Amino acid sequence: MSYIIKGNTGDWEVVIGLEVHAQVISNSKLFSGADTTFGAEPNSQVSFVDAGFPGMLPVINAKCVEQAVRTGLGLKAKINNRSVFARKNYFYADLPQGYQISQYELPIVGEGTLILDMPDGSTRAVGIERLHLEQDAGKSMHDQHPNKSLIDLNRSGVALMEIVSKPDMRTPEEAGAYLRKLRAILRYLGSCDGNMEEGSMRCDVNVSVRHPGEEFRTRCEIKNVNSVRFVMQAIEHEAARHVEVYESGGDIRQETRLFDPSRGETRSMRSKEQAHDYRYFPDPDLLPLEFDDAYVEAIRATLPELPDEKKERFISEYGITAYDATVLVMDQENSAFFETVAKGRDGKTAVAWVTTNLFGSLNKRGLSVSDSPVSATQLGQLIDLVADNTLSTRLAKDVFEIMMDEGKDPSVIVEERGMKQVTDTSAIEAACDQVIAANAEKADEVRNGKEKLVAWFVGQVMKATQGKANPAMLQEILKKKLLG
Amino acid sequence: MTTLTDLTLAQARDGLRNKDFTARELTESYIAAMDKHRDLNAYITETPELALAQAAESDARLAKGDAGAMEGLPIGMKDLFCTEGVLTTAGSHILDGFKPPYESTVSARLKQAGAVLLGKTNLDEFAMGSSNETSYYGASKNPWKATGDDRDLVPGGSSGGSAAAVAARIAIAATGTDTGGSIRQPAAYCGITGIKPTYGRCSRWGIIAYASSLDQAGPMTRDVRDAAIMLGAMSGYDPKDSTSANLPVPDFEAALTGNIKGLRIGLPKEYRPEGLSPEIAALWDRGAQWLKDAGAEVVEISLPHTKYALATYYVIAPAECSSNLARYDGVRFGLRVEGSSLDEMYMKTRAAGFGTEVQRRIMMGTYVLSAGYYDAYYLKAQKVRALIAQDFRQAFEQVDVILAPTAPTPAFGMGENMADPITMYLNDVFTVPTSLAGLPGLSVPAGLSATGLPLGLQLIGKPFDEETVLRVGGVIEDAAGFTAKPTLA
């Protein structure tokens, strides 16, 4: 999958790195005991620490540290047993301390790897540069008062993990796959809910272009893009802009830009010259964060099976394709549902039922797996009814639709509606005889070589038996009767 | 009744328990004295009603035999400690009207121990200064005057109001904070005792930060025993301060055995630079002799990086303060000067709210942390700081405690050093290394200058070994027999 921009001066490739801010799932903030629940009344979840009152001191929240380590382990990254919190200094009304407590030189998590699963079933490794813990700022609201800005400090001090990739991605699709995979891992780990709409996962995109084989060129950072789709669009637009600038003899300046989804373009926010000098230095209110290997191992022991391992296992254990496995493992509930269906059954059949029939039907109804009217156990029972010839695949599909509507067990539906497939040879023969008798002309045509009409007869008999005739037997009997 | 204010904290404690007088009587004596000596400007805010109410509660507890370590003892609180519902200014205009909705850990502990709050004592703005003259509320005066000279002298700083109040008998004791000498230097200038305990001994929670890696609270008292008693009430682990030490608090008063036989006392040769006043050098020699006489062994030691300490301090402390003081932005509390934009409001508020010295340190700190300068200044200063700490570690392999002068001069005249910050900074030359190393330092009045002004000797100890520091300090105190008092009008 290559993504090449054809220019007048040759081919251009895009170089992409992503910085994701993932809000840590924790009951209280990174350095204070204030609540973190989303959507509370403005300024109702603010401690004096979060509001930057005089003499207030930060105390690290152990849960947030655990989540960061957990996430680092999930990203197969180096865990740093000693890390240091630093202050990032700048003035803004929603930054009460006048600095953000972050990590600079010594982050809690070092280099790791994230595997992208591309739609063609291939994979690609993207390097993780680092993960560090930091405080979120409050929220400025500029549209609530004619000439004042209002500040909500509920978010002030909430823990974020900043996860920085290496500039390893080359296509918008890879960036999308990166975000989806990262989100899946965070959700598996329970360290972030990955909800981009609510802002609990935010993305800054670094984009540059170059002729293949060249050194990296100047990059621009697009701040705070809030959906996977917008990230991909922003990259396309930004890359095209770079090529245009270069090819018209201009130069790209390093700057921070914003993506406007309504116009589908990026625009400059501040140039390098206007960039803040953050004056990072180790926060003297906090000692270096230190823990031993036993602490890390204890967290490792509680890790769930992660998407990559699950994918491998699904492929080997259930014989399904890499593509199907990827679709399933991106969501923990989906994969758990699949496994319940597939346990002790044919994996390929199970995956078809789950990904095609179930997901299709759920999509149509706007439901997620957790709201599915058909349970995994019920879907398994349905597959069993096909396996033991109680139902034909065709009948099973009808039964499935009824299950989706009524939520009943398949055996009950089959019983109530007499939907059992007919496998009694004499009954099928009788039905065939009737149809042949009623369509003698057509039967002759078949006998005279128009074999294609057999299918028509199959349909007629099916109709006559309300679809209950075993299709294979019906085929065989009809052929025998018509063609001798 | 007036003589009640001459009692030491220990004497008053015992008097209260013996029912010789009541906490109310003691407090009333102090309130009367505060009234009389208001010209010293030692207090920014007086809280007489609160004091009397607390005294009444103390009397009730004393009657029940339920007295805390500081029960009924009227103290001054440096106005850097946040006190719930009581104006807290840090000596700055920028905290106009700020009444904290919380109580600092140290002041809460003192309250819990039964101390009575007389008021909030004056200080250099945000504890930045060595003379008390940077206070927005006007300088506090030293109750002492040079013989035959009526000029007003500075009480030292930054805890100058506390030192003046204790020396003038308008507080039985007071809290101080020490970042580079802010307890020890004013204690020496005012002829009282002051100890900066080991960094981490007292919680910093609720103390308005100047330089977080250096700030430490401590008591300022009439004598060493009082310091031991009050330090015990102020100390202890606080989970709300990540830099607070999770160690038990020893019985400091019990450490005052007077027995220092066999202790090894170090005299750092670098503390005797050329040009050291002969009077200070003589005092120091006298102190060493007293300790020898008491059975200690005196040895010369070397602290080779001493000469870099002041420069190091004036990089690190401003760096931290430039960040610590960013929160005073007019948005949420204190002074706000309106502007047409957020940036303009910031600039107007901070220009009006901070005094010259605070602005100077914010500028210095911002500079040394800036891109391109960080390595040359801040990082280098951190490295030197580590070397200074190592100097002390090595010295303490040879000795148990270090004896040094507290300050290079006695109290100077008001206004004398304000024009020249460097001369002002030199006041901290003997106290700053201890602060950089986080070690306990005690200043004990040990004699008078030729001009009749108090001079202090400093004892520096191993980390968390305030007990030895206090014990040796007690011996100096006994030997010095310092009984002089300021002659107050």
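The values are calculated or read from the model by the stated rules, or taken from the named source; none is laboratory data. Everything numeric here is computed off the predicted structure, so don't read it as measured data. In this analysis, Cβ positions are derived from the backbone assuming ideal geometry, glycine residues included, and neighbour counts consider all displayed protein chains. In case anyone asks, the SASA skips ligands and DNA or RNA and just uses the protein heavy atoms, side chains included. Shrake-Rupley method; radii C 1.70, N 1.55, O 1.52, S 1.80 Å.
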Nearest-10 value in Å² for the accessible area of residue A:403, using the 1.4 Å probe: 0 Å²
Return one number: the angle in degrees, 0 to 90 and rounded to the nearest 10, between the long axis of the Cα atoms of helix A:376-387 and the longest principal axis of the Cα atoms of chain A. 30 degrees
Could you compute how much accessible area chains B and A hide from each other, both sides summed, with a 1.4 Å probe? Nearest 100 Å² is fine. 2800 Å²
Can you tell me the mean projection area, over all orientations, of the convex hull of the stretch A:49-185's alpha carbons? Units nm², please. 10.7 nm²
What are the semi-axes of the equivalent ellipsoid of the stretch A:4-299, taken as the square roots of 5 times the eigenvalues of the Cα gyration tensor, listed largest first and rounded to whole Å? 33, 24, 18
For Cα pairs less than 8 Å apart in space and 6+ apart in sequence, what is the mean separation divided by the residue count of the stretch A:198-257, i.e. the relative contact order in percent? 38 percent
Count neighbours as other Cβ atoms within 10 Å of each site's Cβ, and list the chymotrypsin sites (Phe, Trp or Tyr not before Pro) in the stretch A:148-232 that are DSSP loop with at most 15 such neighbours. A:216
Report, to the nearest 10°, how far helix A:332-342 tilts away from the longest principal axis of the Cα atoms in chain A, using its own Cα long axis and a range of 0 to 90°. 20 degrees
Restricting things to alpha carbons, tell me how big the stretch A:307-417 is in terms of Rg and Dmax, in Å. 13.5, 43
Using alpha carbon centroids, what distance separates the stretch A:279-312 and the stretch B:89-153, in Å? 45 Å
Geometric extent, Cα atoms of the protein assembly as shown - Rg, Dmax (angstrom): 39.0, 142
Separation of the stretch A:131-164 and the stretch B:463-489 by C-alpha centroid, Å? 52 Å
By how many degrees, between 0 and 90 and to the nearest 10, does the Cα long axis of helix A:393-406 differ from the longest principal axis of chain A? 50 degrees
Would you pull out the residues with amide H under 5 Å of residue B:329's amide H, same chain only if 5 or more places away, H placed 1.01 Å from N? none
Relative counts (whole %) of C-alpha pair distances in the stretch B:389-489, using bins that are 5 Å wide: 2, 12, 19, 20, 18, 14, 9, 4, 1, 0
For the stretch B:247-262, just list the computed ³J(HN,Hα) in residue order, Karplus coefficients 6.51, -1.76 and 1.60, θ = phi - 60°, integers in Hz, with x standing in for Gly and Pro. 10, x, 8, x, 7, 5, 5, 5, 6, 7, 7, x, 9, 10, 4, x
Relative contact order %, the stretch A:425-483, counting alpha carbon pairs below 8 Å whose residues are six or more apart: 43 percent
Exposure rule at most 15 other beta-carbon atoms within 10 Å, DSSP loop GluC sites (Glu not before Pro): chain A longest free segment: A:306-450
How high is the relative contact order of the stretch A:307-417, in percent, counting Cα pairs under 8 Å that sit 6 or more residues apart? 20 percent
I'd like the trypsin sites (Lys or Arg not before Pro) in the stretch B:4-60 restricted to DSSP loop residues with at most 15 other Cβ atoms within 10 Å, sorted by number. B:19
Orientation-averaged projected area, Cα convex hull of the stretch B:113-249 (nm²): 8.1 nm²
Percent carbon-and-sulfur accessible area, the stretch A:425-483, ignoring ligands, DNA and RNA, probe 1.4 Å: 50 percent
Can you list which of the DSSP-assigned H helices in chain B have a Cα extent of 18 Å or more along the long axis and an average Kyte-Doolittle score of at least 0.0? B:48-63, B:309-324, B:356-369, B:466-480
For residue A:203, the residues 5 or more places away or on another chain with a placed amide H closer than 5 Å to its own amide H are A:21, A:224, A:225
Exercise: per-residue mean of other protein chain Cβ atoms within 10 Å, B:212-223: 1
Cα radius of gyration and Dmax for the stretch A:359-425 (Å): 12.2, 43
In deg cm²/dmol, rounded to the nearest 500, the helical mean residue ellipticity at 222 nm of chain A, built from -39500 (n - 2.57) for every DSSP H run of length 4 or more, is -11500 deg cm²/dmol
Using the heavy atoms of the protein chains alone and a 1.4 angstrom probe, what is the accessible area of chain B per residue in square angstrom? 34 Å²
Considering only protein heavy atoms, what is the solvent-accessible area of residue B:145 at a probe of 1.4 Å, reported in Å² to the nearest 10? 70 Å²
Once you've got the Cα coordinates, tell me which of B:307/B:348; A:364/A:463; B:196/B:380; B:141/B:292; A:6/A:311 are over 32 Å apart. B:307/B:348; B:141/B:292; A:6/A:311
For the stretch B:303-376 the GluC sites (Glu not before Pro) that pass both the DSSP coil test and the at-most-15 other-Cβ-within-10 Å test are B:338
In the stretch A:25-74, which residues give up 20 Å² or more of accessible area once the other protein chains are added, compared with their chain alone (1.4 Å probe)? A:48, A:52, A:53, A:54, A:55, A:56, A:57, A:59
Where does the stretch B:268-419 land on Rg/Rh, using Cα atoms and the Kirkwood Rh? 1.12
